[in-house]
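The values are calculated or read from the model by the stated rules, or taken from the named source; none is laboratory data. Computed from a predicted model, the values in this text were never measured in an experiment. Ideal geometry is used to build each Cβ from the backbone, glycine not excepted, and the neighbour counts take in all protein chains shown. We work out accessible area using only protein heavy atoms, side chains counted, and drop any ligands, DNA or RNA first. Shrake-Rupley method; radii C 1.70, N 1.55, O 1.52, S 1.80 Å.
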2 protein chains.
Amino acid sequence: MPVYQAPVRDSMFLLNEVFGWDRYSNLPGFSDAPPDVVEAMLIEGAKLCEEVLQPLNHSGDLEGCTRHPDGTVTTPKGFNDAYKAYSEGGWIGLAANPDHGGQGLPYTLAGIINEYSASANMAFTMYPGLTQSAIAAIEEHASDELKALYLPKMISGEWSGTMNLTEPHCGTDLGLLKTKAIPNGDGTYAISGQKIFISAGEHDLSGNIVHLVLARIEGAPEGTKGISLFVVPKHIPGDSGLASEINGVSCGAIEHKMGIHANSTCVMNYDGAKGWLIGEENRGLNAMFVMMNEARLGVANQGLAQSEAAYQNAVQYAKERLQGRALSGPKQPEKPADPLLVHPDVRRMLMEIRAFNESARAFMMYASLKADLARRSPDEKQREEADDILGLLTPVLKGVLTDKGFENAVKAQQVFGGHGYIKEWGMEQFVRDARIAMIYEGANGIQALDLVGRKLARKGGKTVTAFFNEVAASVKDCSADEALKPYAEPVGAALGDLQKATMWFMQNAMAKPDNAGAGSTDYMHLMGLVAQGYMLLLIAKAALAKKASDADAAVWMDAKILTAKFFMERILPESAAHLARISSGADTMMAMPEEAF
Amino acid sequence: MPVYQAPVRDSMFLLNEVFGWDRYSNLPGFSDAPPDVVEAMLIEGAKLCEEVLQPLNHSGDLEGCTRHPDGTVTTPKGFNDAYKAYSEGGWIGLAANPDHGGQGLPYTLAGIINEYSASANMAFTMYPGLTQSAIAAIEEHASDELKALYLPKMISGEWSGTMNLTEPHCGTDLGLLKTKAIPNGDGTYAISGQKIFISAGEHDLSGNIVHLVLARIEGAPEGTKGISLFVVPKHIPGDSGLASEINGVSCGAIEHKMGIHANSTCVMNYDGAKGWLIGEENRGLNAMFVMMNEARLGVANQGLAQSEAAYQNAVQYAKERLQGRALSGPKQPEKPADPLLVHPDVRRMLMEIRAFNESARAFMMYASLKADLARRSPDEKQREEADDILGLLTPVLKGVLTDKGFENAVKAQQVFGGHGYIKEWGMEQFVRDARIAMIYEGANGIQALDLVGRKLARKGGKTVTAFFNEVAASVKDCSADEALKPYAEPVGAALGDLQKATMWFMQNAMAKPDNAGAGSTDYMHLMGLVAQGYMLLLIAKAALAKKASDADAAVWMDAKILTAKFFMERILPESAAHLARISSGADTMMAMPEEAF
C-alpha cells in the first residue's frame, strides 16, 4: 500500500531559511504564528493527513461515490469521520477572517496544509478546498448579511461550498452561459439551468451545500457582461440560521471519470432554485475570479502534492526492489541483486521529480506570501505590488505545476515497472488523479493565454519587468559568490531566454495575436523554468549558509545543493528549446487548412 | 463515441512515394503484393478494424475480463465474434511461413495492419499479436516436429500464444527466475513455478493456448546462462493433433490494471505442467529474444496507434466544439462561437501529435522493411546490414514511440477539456491503454540501456556509423535542393548533436559506465528525433515531387510539407537540450547518498 509522510521539515526550512518568516511578523495573523507555533501546527496537520486521510485514498478510489435514486450521494467509507476530524481541527478556516470564526492565520500556512492534504488524499481535499474558495469569494464580495449567515457555518465545516460555472455547451467560454435568474420581487432570484462538472456538488459530508452559481439575470446583456453570481443553498437557511427548507437544486447524475473517484462530480439541475446575488448585477465574473484565483493556487498545489506523494513511493520502491546490478559493479553482492536505486536512469527519474518538488514547494510559498502581503500589508503600494506579482504568476503556477506534477506521477509510476500499472500498488491512481489538475479551473492552455494575453501586458509590462528585475538582482548577487556562481549563471541564462521571448512577443504579437497564442504554452513553461530555477538558487544560497552554521544539517543541506545542481544541469537547458519554438511563430500551424487536419 | 478511420492513403503514400515499394519486388512474398493488391488488402483490413474491432473498444474497457472460480476467463461481449473474423480473414498469419499455412506476405504489411488494429482496439489486438510473436519464435527455434504440430493451428488462430517471462521477484532481471523444469525422461519436462503479468494468459477466444515459458532446468547454472525456453500448451495435443488432455497450468488470478481492461493479464501457475524444449538447453533467452524483438516492434506500433486514434478524435472535436473567438477576429460570426480549431494553442497540440504520427508511421515502415530484408534478402550482406540497423533502432522505436504516443494521447485528451476526463468520451481510455506500452516488453529505461549499453558498441560502432552516414547522405542530397534545404538543415543540426552525444559517450562512458546510464534515455530520444526528422525529410522530398506531378494531390501534399516544417521548427530544437543533459554526466545524481532520497 502507498505511503506518505508530510515534508514538514522542508516546509520549515523554506519558511525560516529561504523566505525569512520573521520578516513578515508585522502582518496581521503572522504575530500569532512564530516558527515554533507554525511547526507544532504543521506537525498536527501532518498527523491528520498521514493517519486519517491517506489511509482512505486508495479505498476511496476503488469505492468511489454513489448516487442514489433520490438524488443523494454517498461518499466512500470513512470519509464522514475524516471530514469531521478535518472540520473540527479548524483546518477549513485556518486563514479565514476571525470575525466569522476563522483563525486568521497566514494564507501561507493554509497553503502548506493543503499540499499535505492533497498528497494524502486529493479527492477528499477537494471537499474542504472548494469550501475555502467559496469562503474567499463570499468574504470579498457578499453583503454583510450573507456573510453573517454563511461564513460561520462554512468555516466550521458544517456547511460546504461549490462553484458552478460550466454548462454542457460552455466551459472556457462563459459568455455563452444560459442559466437564468429571474427576480422573485423580494430581492431573491429564481435560478434555472443545468451546470455540469460540479465538484462536490452533492454529498453526505456536510449539513448543507452552498452553491455559488453563475447565471444571467433576465434581460441582462449577452456575453460575459451579463453574468451575475448567486449563492444558492441546498437547504434554505431559516431565521434561526438552521437549514431546513429544501431548495430547487438537485444532482441529476454523477460523472464517471478517469480519477478523483472519491469526489462526486455532479450534473446539477437548477429548477427555479432560490438564489441571492453576490456583489453587483452583471459583475459575477469579477466576483467569481476571486474564487477562481484562490482555486487555481489550490490546483497548482495539487500538482505538487501528487508529484510529492508519487515520489515518496517511488523512492521507497527503488530502495527495496532488487533488480539488476550497478553498472559500476555490485553494490550489495550478498544479495541476489542490487536495489533499483543504484541505476543511474532510475536516479535520473527520481532527481527530476525531486528537483521539481523542492522548487515547486518554494514557488508555492513565494506566491502564498505574496497573497498574504496583498491582503494584509498595511502598505498600499506593497499590497498592490504583491497582488500584481501574484496575478502574473498564478497562471504559471497552475499550468506548470499541474503539467509537471502529472508528468512526475507518470515517471514515478515508471519506476515500478509492471507493478506501476496494477491498481493495488496505488501508483496509477496518482497518475489518474493528477490528470484532472491540468484541466479544471481553466485548462492549462487557458492559463497560458491568460499569461501572455492579459498578465504580460498589464500596467504596460511593469509587473513582468519587476519580476525579471527581482530574478536578475538575485542572479547578480549570487554570481558575486564563487560558491553560488554555478547556480546563478544558468538561471541568468534562462532569464535571458525568457526576456528574449518576451521581446519577441512585443515585436511580433501586437500586429498578429496568433503569434502570442502559438507561443503561449511554451512561454508559460519558460517562465516556470525561470521561477523554479530562481527558487533553487535561493535554496542553494540558504543551504550553503545553513550548512556553514549547522554541521548537523550538512547531509540534508548537501542534498538540497545537489538537487539544485541537477536542476541547473538537466532541466534549465530546456529554456532554449522553448525560445526557439516561441520564435518560430504561428505561421506554419495557421497555414494548415481546416480540411487538411 | 470515439471514431477511427484507418490511414490507408498515408500508408500507401509511404509505401509507394517515400520507400519505393517496387524496389523490393525481388524479395519472396513481395512479388505477390504489387501496390494495387496491397491497397486492396489494406482497405479490407481497415474495414475489419473500423467496423468490427473499434466498436468493441470502449465497451470492452468498461466490461473488462472476468475470471470464474474454475479459473476460466471470459473476454468482453463481442470479442469472440471479432476474434473469429480476425482469424478467418487470415490476418494472424499474414507474414508467416506458407509451409505452415501462412500467407508469406511481407512483414511490412503485417506491421501496417497491426497499427490499424491497435488503433481500433489495442486490448483486442494483443491476443493475435502475442500469437504472432510466439509464431516467430517457434518458426526460428523449434524443432520441425513442434513446428508441424503448433504452427498451422496458431497461424489459423485456432490456438493462440503467450510469452511467460516475469515472476513476482523478477521482471527486467531474468537471471533471478525460479521456475523449474525437471526432465520427465521422455524428452519432455515438468514445469513448475509462478509467472505474473501474462497477457492473454487465459481467455475464451481460442481452443488452446500455447504458452512459451522461460524456466531453469534442474542443475542448470544460475543467472541468465541457465534459462531455457519451453512450449507449454494449455491442452496437450494428442496424436490426432487435437488438443485434449488438460495440462498442469492454470490462471490463478487476473490483474486489476489501469487500462487494457479487455486483455486478460494473468497470474499463471505451473504445477508440473508438461513442456517441450524450444531450441537448445540454457539458450532460452536467445530464443525468447526473437519473440521479444518482434513484440517490441509491435509495442512501438501501439504507441503510434494510440496517438493516431486519439488525434483523429481530437481533430473531430476541435472542428465541432464551438468555444471562444479566434484571436485574429471571429471566423464563424454567424455562430455563437468559433470552433476550437481556430485557436493557435489547440493547433499546436494537434500539429505536435500529427507530426509525430506521420514520422512515426514512416519510421515503423522503414524498420519493417529492414525486417523483411533481414529475413528474405537473397544477399547475405544485405540481410546482415538490415538486421544490424533493425537491432539498433528497435529500442529507439519501442522507447520513443511509446513515450511520445502516451504524451500525445494526453495532449489529445487535453483538447477535450473537462470532457476528456469523462469515461464516455473515450479519450481517457487512450491514455490509460497507451500507458502500458511504456512499461511492457522491457520498460523504456531498459530500451535506452539496451541502446547505449549494447547496440551502440556492436561491431565496433559500425552499425551506428552506417545509420549516421545514411542520414548525413540524405541531408547532403536534400541540402543541394533549395526547396528542401529548410528541411534538411535542421535534421543535419540534430544529427550533429547526436554525433556529439555519441562521441561524449565514447570519451566518458568507457571508464565510467554510469555516464552512459545517466544519459541513456536522453540519447534514445535524441536518436528518435533524428530518425523522425530524417523520415520527415524523406516525406517532404516525396511530397514535393508528388505535388509537381499530380495537381490533385496538392492540398494533401502541402499538408505533409507543413507538417514536416512544423517538426523542424518546433520539435527538433529539443536535440540541444538532450545533448546538454547527456554531457552533464552522472556525477550529480550519483553523488546523492541513498539516505538523502
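Among the residues making up region A:310-349, a single one is within 7 Å of another protein chain (Cβ to nearest Cβ) and hydroxyl-bearing (S, T, Y): A:S328.
Going by the structure shown, is A:A551 out of contact with any Asp or Glu (no Cβ under 7 Å at 6 or more places or on another chain), more than 9 Å from chain B (Cβ to nearest Cβ) and at pLDDT below 95? So A:A551 passes the test. For region A:457-480, a tally of residues being of a type in the set (D, E) and open to solvent by less than 70 Å² (accessible area, probe 1.4 Å) returns 1.
This table checks each residue for (1) without any contact (Cβ under 8 Å) to a residue 60 or more places away in the chain; (2) in contact with a Cys (Cβ under 7 Å, 6 or more places away or on another chain); (3) within 26 Å of A:K546 (Cα to Cα).
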position: A:Y24; (1), (2), (3): no, no, yes
position: A:H58; (1), (2), (3): no, no, no
position: A:T72; (1), (2), (3): no, no, no
position: A:T75; (1), (2), (3): no, yes, no
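Checked against (1) within 14 Å of chain B (Cβ to nearest Cβ); (2) among the polar types (S, T, N, Q); (3) within 18 Å of B:Q323 (Cα to Cα), A:T179 passes all but a single condition, namely (1).
Evaluating B:D173 against the criteria (1) modelled with pLDDT under 95; (2) in contact with a helix residue (DSSP H, G or I) (Cβ under 6 Å, 6 or more places away or on another chain) leaves one unmet condition, (2).
For region A:287-306, state whether one or more residues are over 24 Å from A:L94 (Cα atoms) and not in a loop (DSSP other than H, G, I, E, B).
No: region A:287-306 contains no residue that is over 24 Å from A:L94 (Cα atoms) and not in a loop (DSSP other than H, G, I, E, B).
Table: residues versus (1) more than 11 Å from chain A (Cβ to nearest Cβ); (2) farther than 17 Å from B:V530 by Cβ; (3) open to solvent by less than 10 Å² (accessible area, probe 1.4 Å); (4) over 11 Å from the mean Cα position of the chain (by Cα).
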| site | (1), (2), (3), (4) |
| --- | --- |
| B:A362 | yes, no, yes, yes |
| B:Q382 | yes, yes, no, yes |
| B:E385 | yes, yes, no, yes |
| B:L397 | yes, no, yes, no |
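Restricting B:I260, B:I236 to those that are within 14 Å of another protein chain (Cβ to nearest Cβ), of a type in the set (A, V, I, L, M, F, W, C) and open to solvent by less than 30 Å² (accessible area, probe 1.4 Å) reduces the list to B:I260.
Take the residues in region B:436-455 that are assigned to a loop (DSSP other than H, G, I, E, B) and at the interface with another protein chain (Cβ under 10 Å from one of its Cβ atoms), then tell me which one is surrounded by the most Cβ atoms within 10 Å (Cβ to Cβ).
Only one residue fits best here, namely B:M438.
All conditions but one from (1) surrounded by fewer than 22 Cβ atoms within 10 Å (Cβ to Cβ); (2) within 11 Å of another protein chain (Cβ to nearest Cβ) apply to A:D433; the one that does not is (1). When you look at B:N408, is it crowded, with 22+ Cβ neighbours inside 10 Å and within 13 Å of chain A (Cβ to nearest Cβ), yes or no? Taking the combined requirement at face value, the residue does not satisfy it. Scanning region B:568-595 for residues that are more than 7 Å from chain A (Cβ to nearest Cβ) and in a helix (DSSP H, G or I) gives B:M568, B:I571, B:S575, B:H578, B:L579, B:I582, B:S583, B:D587, B:E595. Within region B:149-194, can you find the residues that are out of contact with any strand residue (DSSP E or B) (no Cβ under 8 Å at 6 or more places or on another chain) and either assigned to a strand (DSSP E or B) or open to solvent by 60 Å² or more (accessible area, probe 1.4 Å) (or both)? Across region B:149-194, the qualifying residues are B:C170, B:T172, B:G185, B:D186. Inclusion of B:K565 among residues that are more than 10 Å from chain A (Cβ to nearest Cβ) and in a helix (DSSP H, G or I) is not warranted.
Going by the structure shown, is B:A483 over 15 Å from B:L451 (Cα atoms), open to solvent by 10 Å² or more (accessible area, probe 1.4 Å), among the hydrophobic types (A, V, I, L, M, F, W, C) and away from chain A (no Cβ under 14 Å)? Taking the combined requirement at face value, the residue satisfies it. Filtered by the rule that a residue be acidic (D, E) and crowded, with 18+ Cβ neighbours inside 10 Å, region B:542-597 gives B:E569, B:E574. When A:I209, A:I198 are checked against the criterion of being touching a Lys or Arg at 6+ places or on another chain (Cβ under 7 Å), assigned to a strand (DSSP E or B) and either open to solvent by less than 10 Å² (accessible area, probe 1.4 Å) or within 14 Å of chain B (Cβ to nearest Cβ) (or both), A:I209 stands alone in meeting it. Restricting attention to region B:430-470, the residues being more than 21 Å from B:A310 (Cβ to Cβ) and β-branched (V, I, T) number 5.
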